[in-house]
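The values are calculated or read from the model by the stated rules, or taken from the named source; none is laboratory data. Nothing here was measured: the structure is a model prediction, and the numbers come from that model. Cβ: placed from backbone, ideal geometry, glycine included. Neighbour counts: every protein chain shown. The accessibility values were calculated without ligands, DNA or RNA, using every heavy atom of the protein model including side chains. Shrake-Rupley method; radii C 1.70, N 1.55, O 1.52, S 1.80 Å.
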Amino acid sequence: MSKKALVGIIMGSDSDLPVMQAAANFLTDLDIQFELTVVSAHRTPERMFQYAQSARARGIQVIIAGAGGAAHLPGMVASLTTLPVIGVPIKSSNSMDGWDSVLSIQQMPNGVPVATVALNAAKNAGILAAQIIGSHDEVIAARLDAYKISMKEEVLQKSEGLRVIWPNGFD
């Protein structure tokens, strides 16, 4: 029996997958079940409505929505659900160096919040989704704690490696 997905990862086009894969990889590493699909705010608005309005009933707790260009997907999905939505602005082939995507997701009106990560930062979206779920799930919280400790250890190991080359480093 497969576990229910807790996170929905959606993107406006399959061309966004190379960026959004980082969120999927992080959730996989933490053994958090997710679903992943293409939902276009402009080309499949009915699908977007159905996805957003049925997410909670399917067991989804957080939605990660990636989009480039005008990047309407995260905000439109947030307007249709009370689930937390994390927007991933994507620098796409038709974007203005990614700023159009960043601002489209970030500048939401009061009442329709979208948590926004940095341009192409889908891994951070995966981490934030895990933290939201981990706020009420001790198993996931413990996995996040282990992840944070591993990041700390990695930095300390790199610092020690530099000490070999440059002995007058910071203690």
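Among the residues making up the range 92-103, those that are surrounded by fewer than 18 Cβ atoms within 10 Å (Cβ to Cβ) and either under 8 Å from Gly69 (Cα atoms) or of a type in the set (Ser, Thr, Tyr) (or both) are Ser93, Asn94, Met96. Quickly run through the range 6-35 and pick out the residues that are of a type in the set (A, V, I, L, M, F, W, C), open to solvent by 20 Å² or more (accessible area, probe 1.4 Å) and more than 11 Å from the chain's Cα centre (by Cα). Residues satisfying the conditions are Leu6, Leu17, Phe34.
Table: residues versus (1) in a loop (DSSP other than H, G, I, E, B); (2) open to solvent by 60 Å² or more (accessible area, probe 1.4 Å); (3) touching a residue at least 60 places away in the same chain (Cβ under 8 Å).
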site: Met108; (1), (2), (3): yes, no, no
site: Val112; (1), (2), (3): yes, no, no
site: Arg143; (1), (2), (3): no, yes, yes
site: Ser150; (1), (2), (3): no, no, no
site: Glu154; (1), (2), (3): no, yes, no
site: Gln157; (1), (2), (3): no, yes, no
site: Val164; (1), (2), (3): no, yes, no
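When each of Ser40, Ser95, Ser101 is tested for being touching a Lys or Arg at 6+ places or on another chain (Cβ under 9 Å) and part of a loop (DSSP other than H, G, I, E, B), the lone residue that passes is Ser40.
Okay, residues lined up against (1) outside any helix (DSSP H, G or I); (2) more than 24 Å from Met96 (Cα to Cα):
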{"position": "Phe26", "(1), (2)": "no, yes"}
{"position": "Asp31", "(1), (2)": "yes, yes"}
{"position": "Gly66", "(1), (2)": "yes, no"}
{"position": "Val77", "(1), (2)": "no, no"}
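When we screen Val38, Val77 for residues that are among the β-branched types (Val, Ile, Thr), out of contact with any Leu (no Cβ under 6 Å at 6 or more places or on another chain) and closer than 22 Å to Ile133 by Cβ, the only hit is Val77. When the test is whether a residue is buried (at least 17 other Cβ atoms within 10 Å of the Cβ), at pLDDT 95 or above and within 18 Å of Ile9 (Cβ to Cβ), Ala129 passes it. Output yes when any residue across the range 69-86 is among the polar types (S, T, N, Q), open to solvent by less than 50 Å² (accessible area, probe 1.4 Å) and farther than 17 Å from Ala122 by Cβ, and no when none is. Yes: the range 69-86 contains one or more residues that are among the polar types (S, T, N, Q), open to solvent by less than 50 Å² (accessible area, probe 1.4 Å) and farther than 17 Å from Ala122 by Cβ.
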